[in-house]
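This report refers to the structure that appears directly beneath it.
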Amino acid sequence: MKILTGTQIKEADRYTIEHEPISSIDLMERASNTIAEWICNNISKASPLLFLIGKGNNGGDGLAVARILFHAGYDCSVYLPFEKEQLTSECAVNLERLPSYIERVTDIKRISNKHILIDSLLGTGVKGTLKEPLLSIIKKVNSLSNEVISIDLPSGMMSEFGNTDQTVIKADITLTLEFPKLAMLLPEAGEYCGEIITLPIGLNREYIEHTPSLYHYITLDYIQSIRLKREKFSHKGTYGHALLICGSKGMAGAATLATGAALRSGCGLVTTHIPYNERFAIQANYPSAMMSLDDEDYFSSVPKDLSKYSAIGIGCGLGQEHQTGEAFKELLAASYKQPFVIDADALNILADNYHIKQRIPENIILTPHPGELKRLVGEWHNEEEKINLVKRYAADIKSIIIVKGAHTMICLPDGNCYFNSTGNSGMAKGGSGDVLTGYITGLLARGYSSAHAAILGVYVHGLAGDKAAARWGIESMNSKDIIDFL
Ligand SMILES: NC(=O)C1=CN([C@@H]2O[C@H](COP(=O)(O)OP(=O)(O)OC[C@H]3O[C@@H](n4cnc5c(N)ncnc54)[C@H](O)[C@@H]3O)[C@@H](O)[C@H]2O)[C@@H](O)CC1
Ligand SMILES: [K+]
């Protein structure tokens, strides 16, 4: 799914109004019906709802939803800190339409903690730092313990960038219209959204298809469209051979996790290159994998006959011995331009070694977490700068960068960025990255292109993490549990 900017969404609204055709007020009604339907299906009528109304069209949505839910039997009241003359025309029409039985709250300080607050103070129309009275209202809301549901986006949040010092409503749920907004997926302010629910409001498909955007949200439909079929008349040779170069003394766990994940990818064969003394964990846990043994306690020599491998993953628990760096260099020289995944210690070796950077083939996959990313691309001060640095580095090495975190971002060399829609904070634990590396290496061996392996791998890894969290709980789940659900 494309992610359009706030300006493009406004244009999509305008185009839909002109070409469907539908009036602006009816489009607002359609959006509000969708929001109200979600609330009816998910929020009990026992909870009183207080609508916080702004003067723009986001406020108009709030007033329309209040009316619809009032007629559906909800206990609704509204708080409107503006004069009628200040409202946009659509907002004013919805104020006119509001049944007089709905209570007008004049002092937000007096609400009970039972109220669910429906935040429709500001939507995509916000510009710059917040002005009064909204600044004080949003601060007050954030000091309350009430549940907050934001319409379109948490009030105050700017749709893309510039949220570092912005005051934003802290929502528990955000019901976002048509597309998630980029800022919701970035660490700067993404936390303010709570759970993100995307509600389609029927904006013009043709317009959306023809509007260019470098940003995409990964959906299940897209994942299903890129999945490869497994043929009936096939054998293990059909599905490729993954080589993992992982582990060092005391770090056999990383190699074991990567191996287990690769074995779940659908590839035909998995070989793990590991120090001789560290081989037991893999033998005991994953007898389906083969091994290539290194005489040293770290990666010191290139596995024999590299041509038999269809993809190579390197880095998990590798350590940064000088000889490992040299072996990495030899590996790149000896490889047959197979697709690569470079992770963890191999990324740090890459960051510190210009000669290795010069030798890496095109179209490989790098999987840094934020710390490793900084070593590769340098420091950044905000999300916009970070994304630009990542795009530049990906273009420079003509490869894919997977920036791990909540809503992991996959940046392709052409600048397109895909944001993940699965995963949870229970995955922020040691070993999750090793599972991802092993899985993506397996997908590359299986025959996926680098871009599809990266996108599919990140999505399925997150989904498996969500299933592990449902089984074990977000605190208790660990990285090995992710493998069980791949
Ligand atoms: N037909 C449409 O255009 C549709 C619009 N929709 C809703 O409309 C919203 C966008 O509406 P608007 O463009 O009217 O914008 P908003 O409702 O986000 O608010 C704009 C108002 O906020 C004020 N404002 C801007 N920055 C501020 C700041 N820093 N501090 C204090 N006040 C500030 C502006 O003066 C303006 O009056 C969407 O988010 C969505 O909820 C939906 O109803 C779908 C259809
Ligand atoms: K809002």
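Quick rundown of the values:
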item: Residue among Glu206, Glu191 that is among the acidic types (Asp, Glu), away from ligand 2 (no atom under 15 Å from the Cβ), part of a helix (DSSP H, G or I) and over 21 Å from the mean Cα position of the chain (by Cα); result: Glu206
item: Selected residue [in a strand (DSSP E or B), within 14 Å of ligand 2 (Cβ to nearest atom) and touching a residue at least 12 places away in the same chain (Cβ under 8 Å)] from Leu63, Leu117; result: Leu117
item: Check on Val148, near ligand 2 (Cβ under 10 Å from one of its atoms), in contact with a strand residue (DSSP E or B) (Cβ under 8 Å, 6 or more places away or on another chain), at pLDDT 95 or above and more than 11 Å from Gly59 (Cα to Cα); result: yes
item: Residues within region 41-74 that are farther than 17 Å from Ala171 by Cβ, touching a Leu at 6+ places or on another chain (Cβ under 7 Å) and either aliphatic (A, V, I, L, M) or more than 12 Å from ligand 1 (Cβ to nearest atom) (or both), tallied; result: 5
item: Residue among Asp396, Asp414, Asp343 that alone is within 26 Å of Ala468 (Cβ to Cβ), out of contact with any Asp or Glu (no Cβ under 6 Å at 6 or more places or on another chain), in the same structural domain as Val458 (by the TED database) and of a type in the set (D, E, K, R); result: Asp343
item: Yes/no for Ser112 being of a type in the set (Gly, Ala, Ser), modelled with pLDDT under 95 and in the same structural domain as Leu52 (by the TED database); result: yes
item: The lone exception for Glu96 - which of (1) within 28 Å of the chain's Cα centre (by Cα); (2) farther than 17 Å from Asp119 by Cβ it fails; result: (1)
item: Matching residues, region 202-219, being surrounded by 19 or more Cβ atoms within 10 Å (Cβ to Cβ) and among the hydrophobic types (A, V, I, L, M, F, W, C); result: Leu203, Ile208, Ile218
item: Sole exception among (1) over 27 Å from Lys114 (Cβ atoms); (2) within 10 Å of ligand 1 (Cβ to nearest atom) for His19, by number; result: (2)
item: Residues located in region 297-316, provided they are under 17 Å from Ile342 (Cβ atoms) and either in a helix (DSSP H, G or I) or of a type in the set (A, V, I, L, M, F, W, C) (or both); result: Phe299, Val302, Leu306, Ala311, Ile312, Ile314, Cys316
item: From the options Gly319, Gly405, residue that is more than 20 Å from the chain's Cα centre (by Cα) and assigned to a loop (DSSP other than H, G, I, E, B); result: Gly319
item: Any hit, region 48-58, residues being away from ligand 2 (no atom under 16 Å from the Cβ) and over 16 Å from Leu122 (Cα atoms); result: yes
item: Long-range neighbours under 6 Å by Cβ, at least six apart or interchain, first residue under 8 Å from Gly60 (Cα atoms) within region 86-101, second more than 16 Å from ligand 2 (Cβ to nearest atom) and hydroxyl-bearing (Ser, Thr, Tyr); result: Glu90/Ser24
item: Number of positions in region 418-429 that are assigned to a strand (DSSP E or B) and either out of contact with any Leu (no Cβ under 6 Å at 6 or more places or on another chain) or surrounded by fewer than 17 Cβ atoms within 10 Å (Cβ to Cβ) (or both); result: 1
item: Residues (surrounded by 16 or more Cβ atoms within 10 Å (Cβ to Cβ) and in a loop (DSSP other than H, G, I, E, B)) located in region 322-355; result: Ser335, Gln338, Pro339, Asp343
item: Residues (surrounded by 14 or more Cβ atoms within 10 Å (Cβ to Cβ) and assigned to a helix (DSSP H, G or I)) located in region 393-402; result: Tyr393, Ala394, Ala395, Ile397
item: Members of region 15-30 found to be part of a helix (DSSP H, G or I) and within 17 Å of Ile208 (Cα to Cα), listed by number; result: Tyr15, Thr16, Ile17, Glu18, His19, Leu27
item: Some residue of region 71-87 being within 16 Å of ligand 2 (Cβ to nearest atom) and part of a helix (DSSP H, G or I); result: no
item: Options Thr176, Thr167: the member that is in a loop (DSSP other than H, G, I, E, B), modelled with pLDDT of 95 or more and more than 28 Å from Gly431 (Cα to Cα); result: Thr167
item: Residue within region 231-253 that is under 26 Å from the mean Cα position of the chain (by Cα), over 18 Å from Ser288 (Cβ atoms) and surrounded by 14 or more Cβ atoms within 10 Å (Cβ to Cβ) present; result: no
item: Contacts under 7 angstrom Cβ, first residue in region 10-24 being within 16 Å of ligand 2 (Cβ to nearest atom), partner among the β-branched types (Val, Ile, Thr), 6 or more apart; result: Lys10/Thr124
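For (1) over 16 Å from Thr198 (Cα atoms); (2) within 10 Å of ligand 1 (Cβ to nearest atom); (3) part of a helix (DSSP H, G or I); (4) modelled with pLDDT of 95 or more, each residue gets a yes or a no:
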| residue | (1), (2), (3), (4) |
| --- | --- |
| Lys139 | yes, no, yes, yes |
| Asn142 | yes, no, yes, yes |
| Met158 | yes, yes, no, yes |
| Gly162 | yes, no, no, no |
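The values are calculated or read from the model by the stated rules, or taken from the named source; none is laboratory data. None of the values given here were measured: they were computed from a predicted structure. Glycine also receives a Cβ, built like all others from the backbone with ideal geometry; neighbour counts cover every protein chain displayed.
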